[in-house]
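Q: The following block contains the structure, expressed as structure tokens.
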Amino acid sequence: MSPPRWTRWFQHFQKDCKLFLIVLALLAIDRLILFGVFRDRIAVSVKGTEFIAAALKGFRYDARVATYFLSPCIIFAVLNAFRDWKSATDRFRRVWATLLFALCLVMGTVNWAFIVEFQDQFNHWVWGVVYDDFGAVLKTVWHEQPVIWALLAIVACCYGFQRLTARWLTRPWLSSGWVDRRLSGKTKRAALTLLIIILFVGALRGSLGRRPVQLKDAAITSDAFLNKLILNPFTALRYAIKAHLRRMSSRGLKDFLPDSDVRAAATRVFPDRPPSDLISDYLLQKASGAPGQAPDHIFVVIMESMDSWLFQPEYRDLDLVPVSRRLAREGMIVEGFLPSGRSTSRAFCSLITGIPSTGIYVNYQPTSRSPYPTSLAPIFKKLGYRTRLIHGGYLSWHRIGEFARNQGFDEVIGGNILGTLMSGNEWGVDDEVLFDRTTEIIDFSQPSFNIIHTTSYHPPYDVDVFGKGFKLESMPKSLASRHDRRISMKTYGHLWYSDQCLGDFVKKVTTAAKRPLFAITGDHYGRRFIDGRPKLYEKTSVPCILYGPRALEGIKLPDKSAGSHVDMLRTLVELAAPKGFEFASFGNNLLRPQAEPVGYGELAIIGHDWVADLGDPPRFEAIPGLPTPTRPLDLSRYRQRWGDLHGLAWWLVLKGDHLPPKNQH
């Protein structure tokens, strides 16, 4: 460039650097605010040096985002080297700066609400915006958050920002005269240009080293939650989108099987099976035969957001689920238990199909248009049961109605049939309406298999629980010191309300049916703890309660038991099927003693006395109330089996029953 052109470009570049610093400052301030607001969720043992390390690491992710946001302005600056567009470029920069400021405010606010709800920055839950009932999500946000006031505040802040920075962003640090005098030589201009390019590329990569900054680099402190706050909202959203798209592509198999060898995985999981080209052949099981008469009605009750921590002795005084606790005492409960999926839809699909969740929305896949080999409805129809799915919400949610019919259910009933909007909210009917209508719908003269999903313990928590009889207006004394008041007693009252509705339903069915069997579980953990530092078990486990005095007569749960949703489903088949009945299943029989019982969730593994999170880095804890296992835990062995099971599940959902040709992986 000629000196005048170079000077013109360099003057605009200085202004762009000011915008770069503004974005960096906004992202850094947002992170510091999160550090402060969520301090009570970070371990007290975390040192100040770790906070500093987290902030410095976050700067690298912020630099990447700021550089990408700066790119349009850089393009305008370069164009000014060839034509003088000073006024237009300055106007664009001012407008662009205000838009970026507004975007940072909105993203920071939404991200804050996301952390409150999901204890993480944008992750897999964000896909609810795409796959979930978006209208219901918006209505819930409208009820739960002061949307109008937030928008007015954002508009006011943007106006103030524009007024404060308008002149500053149009003035370079160094005047053109100074630049012409001090940087007139070609060598100086070339050296400075080269330095700018190097710094620009380094900022774009978040690193001047051999590789750009990556997600794994955020795991630098001793606290998993603090590590989650290192990313900025934009980077967290990018990784959430990237992970989902990868899982849906052919590369997704490598998340479970690094060598992509599905046949080898099938052989490792089922070493006693002859080689086959079909996954269903490996999954084929033979029922051992129920010790007594088969149940006449089976109810898989999926309680919205029911947690295992509710059943722990330390929370006995809270007593939010007295009915479920009684059913667990009179029946049996598997405490080492995990949901197959980490969200309602994914867990729901696993409970319909019997396939472990791999993070894929099964109900949107072409293969879901016909029943999978492990789907529950066809299996129980062969056993003589009428199959029925009853969802307290609306069947358009995640196209669950069409999906359930494709998976073979005889009847599919949604909230629009059970009640009216006056008896619930945008997510579904109140649980008492759900259970009352279910007892009216069922023909007790014909054996039936039923999956029932409740919805009341879900935002916006608008049931008048105190009017329904909930009396706990404050946290019990034994837990008051731990309660951080983030979750209101009214919210917890919805757990009590759902539990009472379940109890009334069980009582009515037990009277009407001869040998009913209930399998009660949660779709996923509820994310609403009494303080900000829940144990790993509390953040992963859901209960598995089997109840039916006549159906379970003479049957005992093994001393050591652990499993997941798919294991519960196989157990139900074993209780209903005659000896020798053939069916496909990924799970184990929870009622059959195992030398080493283990349950595999979407991103966790559980034993009868321990639980492990497979995140980065992995975490391991004893189940509360039990001593830490003295034997060394070979997590790599469990992780390989987890990968094998989920690799087979991934292939079955995305590719179908047929395995790839031999030697092709």
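The values are calculated or read from the model by the stated rules, or taken from the named source; none is laboratory data. Given the structure is predicted, the values throughout are model-derived calculations rather than measurements. Using ideal geometry, Cβ is built from the backbone for each residue, glycine included, and neighbour counts are taken over all protein chains shown. Surface areas here come from the heavy atoms of the whole protein model, side chains and all, with no ligands, DNA or RNA. Shrake-Rupley method; radii C 1.70, N 1.55, O 1.52, S 1.80 Å.
Q: Output ³J(HN,Hα) for region 5-10: one whole-Hz value per residue in order, computed from phi by the Karplus curve 6.51 cos²θ - 1.76 cosθ + 1.60 with θ = phi - 60°, and x for Gly and Pro.
A: 5, 4, 4, 4, 5, 5
Q: Using the alpha-carbon centroid of each, what span in Å lies between region 590-640 and region 427-454?
A: For region 590-640 versus region 427-454, the Cα centre distance is 35 Å.
Q: Applying a 10 Å radius around every beta-carbon, put 636-647, 601-612 in order of their mean neighbour count, most first. Please list the in-between numbers first.
A: Details: 636-647: 18.5, 601-612: 23.3.
So the order, starting with the most tightly packed, is 601-612, 636-647.
Q: Convert each backbone phi in region 363-380 into a coupling constant with the Karplus relation 6.51 cos²θ - 1.76 cosθ + 1.60 (shift: θ = phi - 60°), then list the ³J(HN,Hα) values in order as whole Hz, x for Gly and Pro.
A: Here the 3J(HN,Hα) series is 5, 9, 8, x, 5, 7, 6, 9, x, 6, x, 9, 4, 6, 4, x, 5, 6 Hz.
Q: Is region 195-329 best put as rounded, prolate or oblate by its Cα gyration tensor, with a ≥ b ≥ c the root eigenvalues, rounded for a/c under 1.5, and otherwise prolate when a/b is larger than b/c, oblate when not? Let's see the in-between values first.
A: Working: a/c = 3.48, a/b = 1.46, b/c = 2.38.
Here region 195-329 falls in the oblate category.
Q: Restricting to Cα atoms and excluding each atom paired with itself, what does the Kirkwood estimate give for region 513-609 in Å?
A: Working: mean 1/r = 0.0669 Å⁻¹.
In region 513-609 this quantity evaluates to 14.9 Å.
Q: Measure nothing fancy, just the Cα-based angle from helix 431-441's long axis to the longest principal axis of the chain, in degrees from 0 to 90, nearest 10.
A: With both axes taken from Cα atoms, the answer is about 40 degrees.
Q: Find how much the distance from residue 241 to residue 417 grows on full extension, using 0.36 nm per residue of separation minus their present alpha carbon separation; answer in nm with one decimal.
A: 59.8 nm
Q: Mind checking the alpha-carbon convex hull of region 149-221 and giving the volume per residue in Å³?
A: Values: hull volume 12.5 nm³, N = 73.
So the per-residue hull volume is 172 Å³.
Q: Right, here's the next one. Under the rule a/c < 1.5 gives rounded, and otherwise a/b versus b/c splits prolate from oblate, where does region 260-349 land using the Cα gyration tensor? Intermediate values should be presented prior to the final figure.
A: Details: a/c = 2.69, a/b = 1.79, b/c = 1.50.
Because a/c hits 1.5 or more and a/b exceeds b/c, region 260-349 counts as prolate.
Q: Next question, about the same structure. Which far-off residues, 5 or more places away or on another chain, put their amide H under 5 Å from the one on residue 386, with H placed in the peptide plane?
A: Hits under the 5 Å cutoff: 448, 449.
Q: Further, regarding this structure: Lysines near residue 662 by alpha-carbon distance under 23 Å, same-chain residues fewer than 8 away left out - which ones?
A: By straight Cα distance, residue 662 reaches 254.
Q: Okay, next question. In whole percent, and with a 1.4 Å probe on the protein chains, what portion of the accessible area of region 26-178 is carbon and sulfur? Walk me through the numbers on the way to the answer.
A: On the way: 6070 of 8380 Å².
Carbon and sulfur together cover 72 percent of it.
Q: Taking a probe of 1.4 angstrom, what is the accessible area of residue 158 in Å², to the nearest 10?
A: Spelled out: residue 158, probe radius 1.4 Å, area about 20 Å².
Q: Please grab the % of Cα pairs in region 1-115 that end up more than 24 Å from each other. Please report the intermediate quantities before stating the final value.
A: On the way: 2625 of 6555 pairs.
The share of Cα pairs beyond 24 Å in region 1-115 comes to 40 percent.
Q: Would you calculate, for the chain, the mean residue ellipticity at 222 nm contributed by helices, counting each DSSP H stretch of 4 or more residues as -39,500 (n - 2.57) and dividing by all residues, to the nearest 500? Before the final figure, lay out each step's value.
A: Values: 22 runs with 303 residues, N = 665.
It comes out at -14500 deg cm²/dmol, rounded to the nearest 500.
Q: Right, something else. What is the calculated FRET efficiency for residue 381 to residue 557, with r their C-beta to C-beta distance and R₀ = 25 Å, to the nearest 0.05?
A: Numbers: r = 28 Å, r/R0 = 1.12.
Efficiency at R0 = 25 Å is approximately 0.35.
Q: When the gyration tensor of region 602-665 is built from Cα positions, what are the square roots of 5 times its three eigenvalues, in whole Å, from largest to smallest? Let's see the in-between values first.
A: Numbers: eigenvalues 198, 27, 19 Å².
So the three semi-axes of region 602-665 are 31, 12, 10 Å.
Q: Oh, and also: Helix 635-654 against the longest principal axis of the chain: what's the angle in degrees, Cα atoms only, rounded to the nearest 10?
A: 90 degrees
Q: Within region 395-525, what whole-number % of the accessible surface is contributed by carbon and sulfur, with the 1.4 Å probe and all protein chains included in the calculation?
A: About 50 percent, which is the carbon plus sulfur part of the accessible surface.
Q: While we're here: By how many nm would the segment from residue 87 to residue 40 lengthen if fully extended, with 0.36 nm per residue of separation less the alpha-carbon distance? Walk me through the numbers before you get to the answer.
A: Working: separation 47, 0.36 × 47 = 16.92 nm, distance 4.90 nm.
Answer, rounded to one decimal: 12.0 nm.
Q: Please compute the Cα-Cα pair-distance distribution of the chain with 10 Å bins starting at 0, giving whole percents from short to long.
A: 3, 14, 23, 23, 16, 10, 6, 3, 1, 0
Q: What percentage of all Cα-Cα pairs in region 414-488 are separated by more than 17 Å? Could you put the intermediate results ahead of the total?
A: On the way: 1630 of 2775 pairs.
Of the Cα pairs, 59 percent sit more than 17 Å apart.
Q: Still on this model: Working out 0.36 nm times the residue gap between residue 636 and residue 255, then minus their Cα-Cα distance, what length gain in nm do you get to one decimal? Mind showing how you got there, number by number?
A: Working: separation 381, 0.36 × 381 = 137.16 nm, distance 1.46 nm.
Contour length minus the Cα-Cα distance gives 135.7 nm.
Q: Going by amide H atoms built from the backbone, whose H comes under 5 Å of the H on residue 412, apart from near neighbours?
A: 389
Q: What number comes out for accessible area per residue over region 184-234 if the probe is 1.4 Å? Units Å², please.
A: Numbers: 2800 Å² over 51 residues.
I get 55 Å² per residue for region 184-234.
Q: Right, next: Cα gyration tensor of region 127-282, axes a ≥ b ≥ c as square roots of the eigenvalues: rounded (a/c below 1.5), prolate (a/b > b/c) or oblate? Let's see the in-between values first.
A: Numbers: a/c = 3.56, a/b = 1.57, b/c = 2.27.
Here region 127-282 falls in the oblate category.
Q: Still on this structure: Would you list which lysines come within 16 Å of residue 57, measuring only between C-alpha atoms, while excluding same-chain residues fewer than 8 positions from it?
A: Those lysines meeting the cut-off are 47, 216, 228.
Q: Could you give each residue of region 387-394 its phi-based ³J(HN,Hα) in whole Hz, using Karplus coefficients 6.51, -1.76, 1.60 with θ = phi - 60°, and x for Gly or Pro?
A: Here the 3J(HN,Hα) series is 9, 8, 10, 10, 10, x, x, 9 Hz.
Q: If N is the number of residues in region 351-498, what value comes out of its Cα radius of gyration divided by 2.2 N^0.38 Å? List each step's numbers first, then the result.
A: Working: Rg = 18.3 Å, N = 148, 2.2 N^0.38 = 14.7 Å.
That ratio works out to 1.25.
Q: Two decimals is fine: what's Rg over Rh for region 1-45, C-alpha atoms, Kirkwood radius as Rh? Intermediate values should be presented prior to the final figure.
A: On the way: Rg = 19.2 Å, Rh = 13.4 Å.
On the Cα set of region 1-45, Rg over Rh gives 1.44.
Q: Using label points projected 7 Å from each Cα along Cα→Cβ, tell me how many nm separate residue 187 and residue 609, to one decimal.
A: 7.5 nm
Q: Okay, moving on. What is the angle, in °, between the Cα long axis of helix 233-248 and the longest principal axis of the Cα atoms in the chain? Nearest 10 is fine, range 0 to 90.
A: It is inclined by approximately 50 degrees.
Q: For a quick check: with amide H placed at 1.01 Å from N, whose amide H comes under 5 Å from residue 584's, ignoring anything fewer than 5 positions away on the same chain?
A: Those qualifying (amide H under 5 Å, at least 5 residues apart or on another chain) are 285.
Q: Order 451-458, 490-497, 312-319 from most to least packed using the mean count of other Cβ atoms within 10 Å.
A: Details: 451-458: 24.9, 490-497: 21.8, 312-319: 14.5.
Order by mean packing, descending: 451-458, 490-497, 312-319.
Q: Also: What fraction of the DSSP beta bridges in the chain is antiparallel, stated in percent and rounded to the nearest 5? Walk me through the numbers on the way to the answer.
A: Details: 22 of 47 bridges.
Beta bridges within the chain, antiparallel portion: roughly 45 percent.
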